[in-house]
Amino acid sequence: MSTPSTSRAAAPSSPAPAAAVPGPAPASASPSGGSGRFGSLGPVGLVLAGVLSVQFGGALAVTLMPRAGALGVVTLRLLVAAIVLLLVCRPRLRGHSRADWGTVVVFGIAMAAMNGLFYQSVARIPLGPAVTLEVLGPLALSVVASRRALNLVWAGLALAGVFLLSGGGFGGLDAAGVAFALGAGAMWAAYIVFSARTGRRFPQADGLALAMAVGAVLFMPLGIVESGAKLADPVTFGLGAAVAVLSSVLPYTLELLALRRLPASTFAVMMSLEPAIAATAGFLVLGQALTSTQAVAIALVIAASMGAVRTQVGRGKRPLPPVDA
């Protein structure tokens, strides 16, 4: 979400700008309501801290999967993040039209599907390649929406990276894991679109909090079927809460604070580094080393993502909100 990213499940709901790779939304609404002590990090430090939080939260989620299963981890992440956001945002439930609720429900479905597919992916393939494949969703959205010939270059560069990552056919990666990562990327693109639409209909972060709750409610039966009473284990629940804070609540807050002082273009370029940071987290926490070919593949996708961002900024279009599954 995040994902991008490990897909960050919390992203600001903002007015809809032109489609692009994940980038910032206006920082007019923060769940915390103030900069507090985090402001001393500086805007670049805040973004880096948020990205590190997302990816290391994803690595922690992988270590939790043997205890709770991939679906159980997603359930805990969505549930805890929803509780925190609902308590902080206190969204108003009355006064919304049927179209408003329809939009927020679809947003919640996209959020839940994005997280579920991504976590199924990282249960099968290393974190770095999974995030790299997931990034293709918003990158494709950017290329299609921009309608500029230059973006075909970035698309070609990304495809070259994917070809290298696949070894000519994904022989070195689990096919189901690859399919889940690509599916998560498609849901990431849908998340971006409906995040913007929700932001037009709901004030501040109310739409995000409600969508997170929808996603948690929809996903809970799947988590209960897979993990059952394991979800109520204090250690498992505590680790799941940590994943929710690291992958959703904390990065969301840090990014909103950063966007008050950081240009949108700079933020979006920094977010393009997520596959590399995911690979680093996978190596440090999970011992998932990359081959030289995989490292080059990830670098090509990062370059394509940065190029697409710069092309959009050159046209005066603001990138769409980021997301971290």
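The values are calculated or read from the model by the stated rules, or taken from the named source; none is laboratory data. All values derive from a computational prediction rather than experimental measurement. Cβ sites come from the backbone with ideal geometry, for glycine too, and all protein chains shown count toward neighbours. Please note that ligands, DNA and RNA were not included when accessible areas were found on the heavy atoms of the full protein model with its side chains. Shrake-Rupley method; radii C 1.70, N 1.55, O 1.52, S 1.80 Å.
Determine if segment 234-249 includes at least one residue that is modelled with pLDDT under 85 and open to solvent by 20 Å² or more (accessible area, probe 1.4 Å). Yes; the residues of segment 234-249 include at least one that is modelled with pLDDT under 85 and open to solvent by 20 Å² or more (accessible area, probe 1.4 Å). Total residues in segment 210-250 satisfying the condition of being over 25 Å from SER195 (Cβ atoms) and not aromatic (Phe, Trp, Tyr): the figure is 15.
Which residue out of VAL88, VAL105 is open to solvent by 20 Å² or more (accessible area, probe 1.4 Å) and closer than 17 Å to LEU250 by Cα? Spell out how you get there, then give the answer.
Working: VAL105 fails: closer than 17 Å to LEU250 by Cα.
One residue alone meets the criteria, VAL88.
Total residues in segment 130-144 satisfying the condition of being of a type outside the set (S, T, N, Q) and open to solvent by less than 10 Å² (accessible area, probe 1.4 Å): the figure is 6. Checking each residue in segment 281-309 for being part of a helix (DSSP H, G or I), open to solvent by 10 Å² or more (accessible area, probe 1.4 Å) and within 24 Å of LEU60 (Cβ to Cβ) picks out PHE283, LEU284, VAL285, LEU286, GLN294, ALA295, ILE302.
In segment 216-233, of all residues being of a type in the set (Gly, Ala, Ser) and buried (at least 17 other Cβ atoms within 10 Å of the Cβ), the one that is farthest from GLU134 (Cα to Cα) corresponds to SER227.
The helices (runs of 4 or more DSSP H) located wholly in segment 74-186 that include 1 or more residues which are modelled with pLDDT of 90 or more occupy 98-122. Return the total of residues in segment 250-290 being modelled with pLDDT of 80 or more and of a type in the set (Ser, Thr, Tyr). So the answer is 1.
Residue count for segment 67-85, restricted to those that are surrounded by fewer than 24 Cβ atoms within 10 Å (Cβ to Cβ) and more than 23 Å from LEU182 (Cα to Cα): 5. For first residues located in segment 201-215 and surrounded by fewer than 24 Cβ atoms within 10 Å (Cβ to Cβ), partners that are among the small types (Gly, Ala, Ser) and modelled with pLDDT under 90 and lie 6+ apart or on another chain with Cβ distances below 6 Å form the pairs GLN204/ALA29. Pairs needed: first member in segment 182-196, over 21 Å from PRO129 (Cα atoms) and open to solvent by 30 Å² or more (accessible area, probe 1.4 Å); second member anywhere, of a type in the set (S, T, N, Q) and assigned to a helix (DSSP H, G or I); C-beta distance under 7 Å; at least 6 residues apart or different chains. Here the result reads PHE194/THR103, each pair linking segment 182-196 to a residue that is of a type in the set (S, T, N, Q) and assigned to a helix (DSSP H, G or I).
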